Each structure stands twice: as structure tokens, then as C-alpha cells.
Amino acid sequence: MEGEDENSDYVDIILPTESLDTSAVFHVVNDFIGFILFMHQQIPSVIEEMSQEFNELQAEYGDLEVELASSEVKPLSTRRKQASRRREVKMRMKRQENFMASVSELKESLQLLISEVPEIEKISLVLGSSPLRPLHVYELNFSLGRSVSGNFSRSKLAESLSRKVIRTMISRGAGSNSCPGPTKLLLFVKAPSSLNLPLHFLPKRGLRYNRKTMPDRLRFMCRTGAMDTHNESCMPSSSTDLIWFQCRHTIKGLSFWTPPPED
Amino acid sequence: MASKTAIKDIITLRGSAAIVSDILYNRGLYPAESFARVKKYGLPMLLSQDEGVKAFISNLTTQLSGNKLKMLEAGKLQRVVLVIMSRETGEVLERWNFSTETEVSREKSDTEIMREIQAIMRQIASSIAYSLCLDEPCVFDVLAYTDKDCTVPFTWIESDPKLITNPQMVKLHSFDTKIHKVDTLVSYKNDELDEP
């Protein structure tokens with residue numbers, strides 16, 4: 001982004017391979033998004049648990065609908081309890097539905113982007129209302145060759161990479177200085193100016209963020225790239241035709257109440 | 001003052017005991033249905049209802065603090081380590097190391113302590129969510145590192161440290177009460193993809 005300091009410290013994530021397939025790139029970014037949403041208290045539990053909970057709520061809602069529509073004679077108190085529970089479940093589902101939809105849209109955009117631009121090198125995740133008012137910024141740099149995978153299925157390498165990234169960021173205290181309260185997650189990518197996905201990405205020329213916020217910069221490198229910074233096979237391409245694009249889909253955190261301590 | 005100290009120590013130990021139970025649930029060491037969801041420290045946590053596990057953890061906290069030996073209160077307890085091992089081979093797969101330091105720090109409210117425990121729980125949840133599933137039956141054990149001159153309960157025996165060779169290490173937040181500070185470090189068996 002404009003105003004960025006190229007000499008800022010990077011957190012290097014060293015891969016055991018010389019290149020990274022596009023599916024792995026997708027899964028790492030996707031998992032990282034889930035991680036920072038949780039660690040920055042934007043969601044009450046990890047996304048996998050939320051998905052599971054959502055499925056359970058849907059199933060329960062379906063059962064309650066069947067029960068209440070049933071002509072079986074039941075005590076009034078039972079029907080009231082079931083109706084009340086159905087309202088509660090519906091409310092919880094609605095809250096989560098919007099969130100899950102936004103996550104799904106962002107994921108789809110990311111997949112389309114990576115399919116169009118497999119050699120994507122820089123992705124920026126901003127937590128905050130805008131890049132000018134960021135609360136936290138994470139920048140993912142992919143400094144190694146790319147191979148195109150046929151689909152976005154999760155490989156062992158992708159799992160291992162996600163694990164490594166998340167453990168590294170936990171050790172660095174990611175999210176430790178966050179405050180509760182919903183905010184937005186914005187996705188920016190550096191891609192060729194010819195990128196044409198107007199339903200998902202819009203150019204953001206002259207993108208800059210508040211200089212007071214230091215981004216956390218992660219750099220994915222192969223082993224030989226880490227040992228020899230002049231190894232050309234592992235260095236990023238130096239295309240000058242790259243501009244920033246902002247994803248049209250943002251994720252808004254959920255507000256959830258953390259009760260005071262019990263005795 | 002003495003009673004406040006006792007309360008803070010209990011928070012430290014109870015916090016650690018609740019975290020242990022949560023780890024056992026999340027790592028699938030016991031069936032999910034043997035855990036009950038409760039609210040502790042402002043978070044939903046999963047406490048084991050298995051009588052054997054409950055008794056084990058309860059005895060553990062009693063033996064480490066609050067009984068005649070008062071290892072924690074006397075500052076003689078250095079670390080408590082939760083070790084997860086393969087039931088079949090005994091290989092150590094994970095090692096959760098809780099180091100305790102006796103220090104006098106600034107006064108802390110229960111709310112602050114709770115926030116710190118919440119932060120650690122988030123880290124644990126994240127760490128576990130992306131960890132490899134333990135797809136073989138596992139068992140756990142607890143080690144305590146004490147000062148050499150510490151009198152230990154007779155039910156405890158000396159042990160090897162049950163270390164993992166070339167582990168992946170994850171450092172979690174520390175949390176502290178007025179009297180003790182607890183640092184948490186997790187060691188995982190390395191991924192085959194990370195081996196040189």
C-alpha cells in the first residue's frame with residue numbers, strides 16, 4: 001500500500017516445498033481469516049464450531065416446526081415452551097445466517113480471484129471500519145512459485161501450512177490487544193490491473209492506511225528462498241502492473257455478550 | 001488478606017483445572033457426551049463428568065494446593081505439565097506446560113484475571129481447531145515439577161520428563177493473580193511435512 005515501509009519486519013513461514021499450489025493458498029488465507037475473526041473477538045467461537053452450531057439450530061428448528069404443527073394433543077405449557085424455544089432458535093439462526101452468508105461470499109470471491117490470478121503475491125486483511133481507521137492489519141506475502149491445482153480441496157500441505165501459520169501467530173500474541181465489539185474485516189489484494197471480476201473486486205488505486213498502525217506481515221517462503229535471498233526461483237515477480245483491489249464482500253463481526261465472572 | 005490469597009490461588013488452580021478439562025474434551029480423549037457445558041470465567045467451558053477424571057483432577061488440585069503440603073502456596077511448585085500420549089505406544093504427542101512463578105505484582109481485579117483466562121482459552125481453541133486429530137486412542141498424565149526440598153504426596157512418583165523430540169512449540173498468554181503467574185507453553189509432535 002502507499003506509505004508502506006518495505007523494511008518492516010516479516011514473520012517468515014518456511015515451507016518444505018519449492019512452490020505452493022493455489023488450493024493451499026486459498027485454504028491458508030481462508031483459515032487465517034477465521035483465526036483473526038476469533039482472536040479479535042469478532043465471533044464467539046471458531047468458525048467450524050459456529051457452522052456446526054448453525055446446522056444443529058437448523059435441525060432443531062425443523063423439529064420444533066414439526067412438533068408445533070402436529071395435531072397431537074399436548075399440555076398448553078409444553079406448546080408454549082416449544083413456541084418460545086422456536087422463537088429463540090429462529091433469532092439465533094438469523095444472527096448467524098447473515099454472518100455465514102458474508103463468509104461464504106468472501107470465500108467465493110477469494111476462490112475466483114485465485115483461479116484468475118494464481119500467482120497472487122500479496123493479500124491484506126484489515127480489521128476496522130476502513131483502511132484509514134484500521135484496528136489491525138495483516139499482510140500475507142507469497143514469495144514462492146505457484147502451481148495450479150484442479151480444485152480447492154484441502155490437502156495435507158494446506159492443513160500443515162495453516163497449522164504452522166496459526167501456531168506462529170498465537171505465539172506472537174495475535175489478538176492479545178483486541179477489544180470486544182463488532183467491526184469489519186476488509187480484504188485487499190494486489191493483482192494485475194487487468195483483473196476483471198467487478199462483482200467481487202473493485203480497484204482501489206492510491207490505497208493507503210493509517211501510518212500509526214503497523215501491519216503484521218507474514219511471508220511464505222520456500223526453504224531455499226529463506227537460506228538465499230538472492231535465489232531467483234523463489235523470489236516474487238517484479239511486475240509493475242499491479243494495483244490494489246478491494247473485495248466488495250466484507251465480514252461484519254458479531255456482537256456477543258461476555259457475562260461478568262461467576263463466583 | 002490471607003483469605004484473598006487463598007481465593008486468588010484457587011482461581012489460578014481452578015483456571016488451570018478448567019483448562020485441562022477443556023483440553024481433554026477438544027482433543028477427543030473422552031467421549032463428548034461425558035462433558036457438560038458450564039459457564040466459567042465468562043466463557044462456555046466443557047467440564048468432564050466422568051467420575052474417574054473428575055476425581056483425578058479434584059485430587060490433583062487438592063494435592064497441589066490447599067492441603068497440609070501447600071506446594072503452590074509455599075512457592076515450591078514450578079510447573080504442572082499435562083501430557084497426552086498414545087495408549088498403544090506410549091509416545092508423547094502433546095505436552096501442555098503450565099509454569100508457575102511466585103511474584104508480587106500489582107493488584108488485579110477478578111475481571112482482569114477473567115479477561116486473561118478468556119484470552120488463553122481463545123488461543124487454546126484456535127490452536128486445537130487447526131491441530132491434527134488424534135486418531136488413535138490416547139491417555140493423559142500430569143507431571144509436577146517441584147523444588148528439590150519439597151515434600152510431595154506419597155501417591156506421586158518420580159518420572160521422566162516425557163519430552164517430545166524436535167517439537168513444534170506454541171507459547172500462549174500468561175495469566176496471573178496477585179501471587180502467582182502462570183505461563184503456558186504447548187509442545188506438539190512435529191508434522192511429517194516439517195521434518196528436514
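The values are calculated or read from the model by the stated rules, or taken from the named source; none is laboratory data. A quick note: this is a predicted structure, and the numbers were derived from the prediction, not measured. Using ideal geometry, Cβ is built from the backbone for each residue, glycine included, and neighbour counts are taken over all protein chains shown.
In the set (1) assigned to a strand (DSSP E or B); (2) within 14 Å of another protein chain (Cβ to nearest Cβ), A:I123 fails one condition alone, (2). Of all positions in region A:158-169, at least one carries a residue that is of a type in the set (S, T, N, Q), out of contact with any strand residue (DSSP E or B) (no Cβ under 7 Å at 6 or more places or on another chain), within 14 Å of chain B (Cβ to nearest Cβ) and surrounded by fewer than 22 Cβ atoms within 10 Å (Cβ to Cβ). If you go through region B:84-130 and keep only what is in a loop (DSSP other than H, G, I, E, B) and more than 18 Å from A:I36 (Cα to Cα), you end up with B:R87, B:E88, B:T89, B:G90, B:E91, B:E103, B:V104, B:S105, B:R106, B:E107, B:K108, B:S109.
Just one of the numbered conditions (1) under 16 Å from the mean Cα position of the chain (by Cα); (2) away from chain B (no Cβ under 14 Å); (3) basic (K, R) is not true of A:R146: (1).
Got a sec? Which of A:E56, A:E65, A:E48, A:E108 is of a type in the set (D, E), at pLDDT 90 or above and within 24 Å of B:D22 (Cβ to Cβ)? Steps first, please.
Values: A:E65 fails: within 24 Å of B:D22 (Cβ to Cβ); A:E48 fails: at pLDDT 90 or above; A:E108 fails: within 24 Å of B:D22 (Cβ to Cβ).
Going through A:E56, A:E65, A:E48, A:E108 in turn, just one is of a type in the set (D, E), at pLDDT 90 or above and within 24 Å of B:D22 (Cβ to Cβ): A:E56.
Of all the residues in region B:165-182, those that are more than 12 Å from every other protein chain (Cβ to nearest Cβ) and outside any loop (DSSP other than H, G, I, E, B) number 4. Would you be able to say whether some residue in region A:58-81 is within 25 Å of the chain's Cα centre (by Cα), more than 26 Å from B:Q123 (Cα to Cα) and more than 12 Å from every other protein chain (Cβ to nearest Cβ)? Looking through region A:58-81, at least one residue is within 25 Å of the chain's Cα centre (by Cα), more than 26 Å from B:Q123 (Cα to Cα) and more than 12 Å from every other protein chain (Cβ to nearest Cβ). When we screen A:E88, A:E65 for residues that are assigned to a helix (DSSP H, G or I) and over 30 Å from A:T250 (Cβ atoms), the only hit is A:E65. Set side by side, the residues B:D141, B:D135, B:D110, B:D147 differ, and just one is closer than 20 Å to B:A17 by Cβ, more than 10 Å from chain A (Cβ to nearest Cβ) and of a type in the set (D, E, K, R), which is B:D141. Scanning region B:144-163 for residues that are touching a residue at least 12 places away in the same chain (Cβ under 8 Å), of a type in the set (D, E, K, R) and assigned to a strand (DSSP E or B) turns up nothing. Residues that are crowded, with 20+ Cβ neighbours inside 10 Å and acidic (D, E) within region B:117-152 are absent altogether.
Any idea which residue in region A:174-189 is farthest from the other protein chains (Cβ to nearest Cβ), counting only those that are surrounded by fewer than 20 Cβ atoms within 10 Å (Cβ to Cβ) and at pLDDT 90 or above? Write out each step before concluding.
Within region A:174-189, the subset surrounded by fewer than 20 Cβ atoms within 10 Å (Cβ to Cβ) is A:176-182, A:184.
Restricting the remaining residues to those that are at pLDDT 90 or above gives A:182, A:184.
On the way: A:P182: 16, A:K184: 20 Å.
This residue is A:K184.
Pairing each residue of region A:193-211 that is part of a strand (DSSP E or B) with any residue that is among the small types (G, A, S) and crowded, with 17+ Cβ neighbours inside 10 Å, provided the two are 6+ apart or on different chains, yields C-beta distances under 8 Å for A:F201/A:S109; A:F201/A:A191. Of the residues making up region A:39-62, those that are touching a residue at least 40 places away in the same chain (Cβ under 8 Å), in a helix (DSSP H, G or I) and not β-branched (V, I, T) number 5.
Restricting the first member to region B:113-124 and to residues that are within 9 Å of chain A (Cβ to nearest Cβ), and the second to residues that are among the hydroxyl-bearing types (S, T, Y) and assigned to a helix (DSSP H, G or I), the beta-carbon pairs closer than 9 Å and six or more apart or on different chains are B:I113/B:T12.
Residues are listed down the side, and each one gets a yes or a no for (1) of a type in the set (A, V, I, L, M); (2) closer than 27 Å to A:D241 by Cα; (3) outside any loop (DSSP other than H, G, I, E, B):
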| site | (1), (2), (3) |
| --- | --- |
| A:A158 | yes, no, yes |
| A:R163 | no, no, yes |
| A:P180 | no, no, no |
| A:L185 | yes, yes, yes |
| A:V189 | yes, yes, yes |
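Checking the structure you have, find out if any residue of region A:12-34 is modelled with pLDDT of 90 or more, within 20 Å of the chain's Cα centre (by Cα) and within 9 Å of chain B (Cβ to nearest Cβ). Checked against the condition, which is being modelled with pLDDT of 90 or more, within 20 Å of the chain's Cα centre (by Cα) and within 9 Å of chain B (Cβ to nearest Cβ), region A:12-34 yields at least one hit.
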